[in-house]
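The values are calculated or read from the model by the stated rules, or taken from the named source; none is laboratory data. Bear in mind that the values here come from a model prediction, so they are computed numbers and not experimental data. Positions of Cβ are generated from backbone atoms using ideal geometry, with glycine treated the same way; all protein chains shown enter the neighbour counts. Just the protein is used for accessible areas: all its heavy atoms, side chains included, with ligands, DNA and RNA removed. Shrake-Rupley method; radii C 1.70, N 1.55, O 1.52, S 1.80 Å.
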Amino acid sequence: MLKGKTAVVTGGSRGIGEAIVYKLASLHAGVAVIYAGNAAAAERVCITCRQKYGVRAEAYQCNVADFSAAKETVAKIRSDFGAAQILVNNAGITRDGLLAVMKEDDFDAVLDTNLKGAFNMIRHMTGLFIRAHDGCIVNIASVAGMTGNAGQCNYSASKAGLIGLTKSVAKELAPKGIRCSAVAPGFIKTDMTGGQTDNPLLKMIPLGRMGETEDVAGAVAYLVTAKYVTGEVLRVDGGLAM
Ligand code: NAI
C-alpha cells in the first residue's frame, strides 16, 4: 500500500515509535528511523524491518530539538532515499512536576523536544514533500494536550501546541496536496508509562485498560492512507477524553 514511499519516524527505536516503524514497513514503506542516543536499538529495529518486511531501513542519530541537526539529518535522508513522503513526529519526553516548583529547564526541555522538534522536522521536510508532490505528516500528541493534566503543565502545553501546529500546517499545506493530522493517545504501555499502574486516571478509562503501542500505530497507518483526511486529531485512548 505504501510501496515506493519513504517514511521518517522520530523516536523510532522503541515504544510507540518502534511500533509505528513496523506498521509502515509492513505496508511496504522504506523507513528512516531517527533516534536520540541508542544506536543499537535503532539498528535492531532497522534489521527487523529489512528481514521481516523486506524494505529499506536506515537509522539516523538526531536531537530533533536542534534546528540545524534536524536540517542535516533530513539532507542525509534525502541523499540516501532520494525522497520522502511521510513524516511521523513521535519523539517526546516528559518532565512532570507541579507548576509551583517546576524548574525552567524542565519546561523548556519538554517544549523544545515535543513542540519545536516537530516544527523543525516539518520545516525541513516540507521541501521534500513539495518536490515529491506528495506528503503526509502525523504528529503524536496526547489527550493531555486536549484536557490538560495536573502535574504536566509543560507536557500538556507542548501537546496542545502540537495540535495547533497540526491544524495550521494542515490548512497551509493542503493546497499543495500535503496532509497533516495528529494522533492523541491516552495511556499506552511503554517505558514512558511503565510505572503508572496505580495512576487514578487508569480507573477512568471506559474500556478499562491501557492501550498497546500497536493501537497507536494502526491509527497512524489510517491517517497516512486516508487521502481525504487532514487536520484530524484522532484519539486512541479507550474513551478516556470523550
Ligand atoms: P518513549 O519514551 O518510550 O519513546 C520516546 C522516544 O523519543 C524515545 O525513543 C526517545 O529516545 C525519543 N526522543 C526523545 N527525545 C528526543 C529528541 N530530542 N530527539 C530525538 N528523539 C528523541 O515514549 P513513548 O511512550 O513511546 O511515546 C512516544 C510518543 O507518544 C511521545 O511523543 C509521547 O509524548 C506520546 N504519548 C505517549 C503516551 C503513552 O501513554 N505512552 C500517551 C500519549 C502520548
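Is it the case that residue 183 is closer than 21 Å to residue 228 by Cα, without any contact (Cβ under 8 Å) to a residue 60 or more places away in the chain and more than 13 Å from the ligand (Cβ to nearest atom)? Spelling it out, it is not the case that residue 183 is closer than 21 Å to residue 228 by Cα, without any contact (Cβ under 8 Å) to a residue 60 or more places away in the chain and more than 13 Å from the ligand (Cβ to nearest atom). If you go through segment 165-182 and keep only what is loosely packed, with under 13 Cβ neighbours inside 10 Å and closer than 17 Å to residue 117 by Cα, you end up with just 168.
Of all residues in segment 1-21, those being outside any helix (DSSP H, G or I), hydrophobic (A, V, I, L, M, F, W, C) and within 6 Å of the ligand (Cβ to nearest atom) number 0. Residues that are β-branched (Val, Ile, Thr) and surrounded by 20 or more Cβ atoms within 10 Å (Cβ to Cβ) are absent from segment 147-161 altogether. Of the helices (runs of 4 or more DSSP H) that lie entirely inside segment 47-141, not one contains 3 or more residues that are open to solvent by 30 Å² or more (accessible area, probe 1.4 Å) and aliphatic (A, V, I, L, M).
For residues in segment 186-242 being touching a residue at least 60 places away in the same chain (Cβ under 8 Å) and in a strand (DSSP E or B), which is farthest from residue 157 (Cα to Cα)? Only one residue fits best here, namely 188.
I'd like the residue in segment 24-37 that is more than 14 Å from the chain's Cα centre (by Cα) and more than 13 Å from residue 91 (Cα to Cα) and, out of all such residues, is surrounded by the fewest Cβ atoms within 10 Å (Cβ to Cβ). Walk me through how you get there before you give the answer.
Pass one, segment 24-37, residues more than 14 Å from the chain's Cα centre (by Cα): 25-30, 37.
Right, trim to more than 13 Å from residue 91 (Cα to Cα) and you get 25-30.
Working: 25: 26, 26: 16, 27: 17, 28: 14, 29: 29, 30: 27.
Here the residue is 28.
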